[in-house]
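Structure record follows, encoded as structure tokens.
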Amino acid sequence: MNKYLIVSPCRNEEDLMRKTLDSVCQQSILPKKWIIVDDGSIGETPKILEKYANQYDFMKIIRRENRGHRSWRH
């Protein structure tokens, strides 16, 4: 059985977020876990992520504070 993990960073991705989420969720082999790190999004992105995470057990959202810019370092 194939098992895989996805880790995706995002920030303010509401324009394409649903398309990306739907694409992964419609795969014939779903990930064991999908960790999405929201790097302080504003707008609709957090709501979209929460809606999908409530529907799919393999999805985990890690939300970081909005620092006003994308951060590549922890």
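What is the set of long-range amide H partners of LYS60 at a cut-off below 5 Å, with H atoms built 1.01 Å from backbone N?
Result for LYS60 returns TRP34, ILE35, ILE36.
Give the long-range amide H neighbours of GLU14: residues separated by 5 or more places, or on another chain, with amide H under 5 Å away, using H modelled in the peptide plane at 1.01 Å from N.
The list, which skips near neighbours in sequence, is THR45.
In degrees between 0 and 90, to the nearest 10, how far off the longest principal axis of the chain does helix 45-55 point, with axes built from Cα atoms?
Roughly 30 degrees between the two axes.
Using a 10 Å cut-off around each Cβ, can you sort THR20, THR45 from fewest to most neighbouring Cβ atoms?
THR20, THR45
I'd like the Karplus ³J(HN,Hα) series for the stretch 31-38: coefficients 6.51, -1.76, 1.60, θ = phi - 60°, whole numbers in Hz, and an x wherever there's a Gly or Pro.
Rounded to whole hertz, the list is x, 5, 8, 10, 9, 10, 9, 8.
Taking 0.36 nm per residue of sequence separation and subtracting the Cα-Cα distance, how much length would be gained by fully extending the chain between GLN27 and ASP15, in nm to one decimal?
2.2 nm
Students often get this wrong, so try it: which of (i) 18.6; (ii) 3.9; (iii) 5.2 is mean projected area of the Cα convex hull in nm² as calculated from the structure shown?
From the options (i) 18.6; (ii) 3.9; (iii) 5.2, the structure gives (iii).
Give me LEU16, LEU49 sorted ascending by neighbouring Cβ count inside 10 Å, so fewest comes first.
LEU16, LEU49
Name the most mobile residue of ILE36, ILE62, ILE48, meaning the one with the largest mean-square fluctuation, in a Gaussian network model of the chain with Cα contacts below 10 Å.
ILE62
Spelling out what I want: for every residue of the stretch 20-27, take phi, set θ = phi - 60°, compute 6.51 cos²θ - 1.76 cosθ + 1.60 (Karplus), and round to whole Hz; glycine and proline get x.
Residue by residue, the stretch 20-27 yields 5, 4, 4, 4, 5, 5, 9, 5 Hz.
Taking loop as defined by DSSP and a crowding limit of 16 other beta carbons within 10 Å, which trypsin sites (Lys or Arg not before Pro) in the stretch 1-46 fit?
Of the trypsin sites (Lys or Arg not before Pro), the ones in loops of the stretch 1-46 whose Cβ has at most 16 other Cβ atoms within 10 Å are LYS3, ARG11, LYS32.
Using the number of other C-beta atoms within 10 angstrom as an exposure proxy, rank GLU13, GLU50 with the fewest first.
GLU50, GLU13
None of the figures in this text is laboratory data; all of them are computed from the coordinates on show. The model shown is predicted, which means the values in this text are computed figures rather than measured ones. Note that we place each Cβ from the backbone using ideal geometry, even for glycine, and neighbour counts take in every protein chain shown.
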